[in-house]
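The values are calculated or read from the model by the stated rules, or taken from the named source; none is laboratory data. Here the structure is a predicted model, which means the values were calculated and not measured. Cβ: placed from backbone, ideal geometry, glycine included. Neighbour counts: every protein chain shown. The protein model used for the area step is the full one, side chains on, heavy atoms only, and it has no ligands, DNA or RNA in it. Shrake-Rupley method; radii C 1.70, N 1.55, O 1.52, S 1.80 Å.
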Amino acid sequence: MKIALIGYGKMGKMIEQIALGRGHEIVSIIDVDNQQDFDSPEFASADVAIEFTNPTAAYGNYLKAFAKGVKVVSGSTGWLKDHKADVERMCAEGGQTLFWASNFSIGVAIFSAVNRYLASIMNSFPQYDVRMEETHHVHKLDAPSGTAITLAEEIVDRLDRKARWVKGTVTAADGTVDGTAECAPDELRVDAVRRGEVPGIHTVTYDSEADCITITHDAHSRKGFALGAVLAAEYTKEHTGLLTISDMFKF
């Protein structure tokens, strides 16, 4: 399979390594300093482009890839609020293909399935309140993480006693804390911690007077995210439309 990489940071380099190891060909690498390569024949020859950039650039990258008829796999977050409807329309009516996930880790996909199942069970046990915490490296710009937001939305969808998730505290590497731990009873608080080079830890806690139930996913490295992105590209090559992890993994 011919793959184009959009974004060549740590994730892009790891995706390149795994894709080559699985027998794929990298035909184009686009970063901030060579945006003109979106118009190159090499980019247009790609079966799939894998995009890991930032919230402000992602949507524009989709448009540039779609203009060349290239399918996109993307792990960038932050674009959904302003552009979700446009992307859905382009995929449903315009013949474009985007596989988007807030997290491509196979372990996170399994964790998400467990999270949904546990939330469904806990809907019948209102004595348990729920909260979330995510921990990431100090370079991460958004808080809470896109994965935490996805997990929180899955909980809210299944717990009648929770109407929405809200941003809680953000603890910086130097120990300073912004935000508040106060929230309404019908709100799910999501706290964030920024520390060292942590690839990603997500914890969901159900607490009651009697006991506490906690589930956690702790990523050892970015390798699981990169492998999942390549697997998603392999899936996307054979499928069309707006695709998600739940299409690829039938949990």
For residues that are in contact (Cβ under 8 Å) with a residue 60 or more places away in the chain and small (Gly, Ala, Ser), scanning just region 112-158, find the one that is farthest from Ile201 (Cα to Cα).
Ala113
Filtering region 219-251 for residues that are in a helix (DSSP H, G or I) and touching a Leu at 6+ places or on another chain (Cβ under 9 Å) leaves a count of 4
Residue within region 64-74 that is part of a loop (DSSP other than H, G, I, E, B), closer than 20 Å to Gly12 by Cβ and either open to solvent by 50 Å² or more (accessible area, probe 1.4 Å) or at pLDDT below 95 (or both) present
yes
Residue list for region 107-164, filter: small (Gly, Ala, Ser), under 19 Å from the mean Cα position of the chain (by Cα) and assigned to a loop (DSSP other than H, G, I, E, B)
Ala143, Ser145
Could you tell me how many of the residues in region 43-63 are open to solvent by less than 10 Å² (accessible area, probe 1.4 Å), over 18 Å from Ile26 (Cα atoms) and aromatic (Phe, Trp, Tyr)?
1
Can you tell me how many residues in region 145-204 are in contact with a helix residue (DSSP H, G or I) (Cβ under 7 Å, 6 or more places away or on another chain) and open to solvent by 60 Å² or more (accessible area, probe 1.4 Å)?
3
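Quickly run through region 19-42 and pick out the residues that are open to solvent by less than 60 Å² (accessible area, probe 1.4 Å) and touching a residue at least 40 places away in the same chain (Cβ under 8 Å). Break it down stepwise before answering.
Filtering region 19-42 for residues open to solvent by less than 60 Å² (accessible area, probe 1.4 Å) gives 19, 24, 26-31, 34, 37-38, 40.
Of everything in region 19-42, those that are open to solvent by less than 60 Å² (accessible area, probe 1.4 Å) and touching a residue at least 40 places away in the same chain (Cβ under 8 Å) turn out to be Ala19, His24.
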Flagged in region 198-218 as more than 16 Å from the chain's Cα centre (by Cα), assigned to a loop (DSSP other than H, G, I, E, B) and not aliphatic (A, V, I, L, M), in numbering order, are Ser208, Glu209, Asp211
Selection from region 102-142 of residues that are of a type in the set (A, V, I, L, M, F, W, C), open to solvent by 30 Å² or more (accessible area, probe 1.4 Å) and under 30 Å from Gly175 (Cα atoms)
Val138, Leu141
State whether the residues of region 80-101 include one that is in contact with a helix residue (DSSP H, G or I) (Cβ under 9 Å, 6 or more places away or on another chain), assigned to a loop (DSSP other than H, G, I, E, B), in contact (Cβ under 8 Å) with a residue 40 or more places away in the chain and open to solvent by less than 10 Å² (accessible area, probe 1.4 Å).
yes
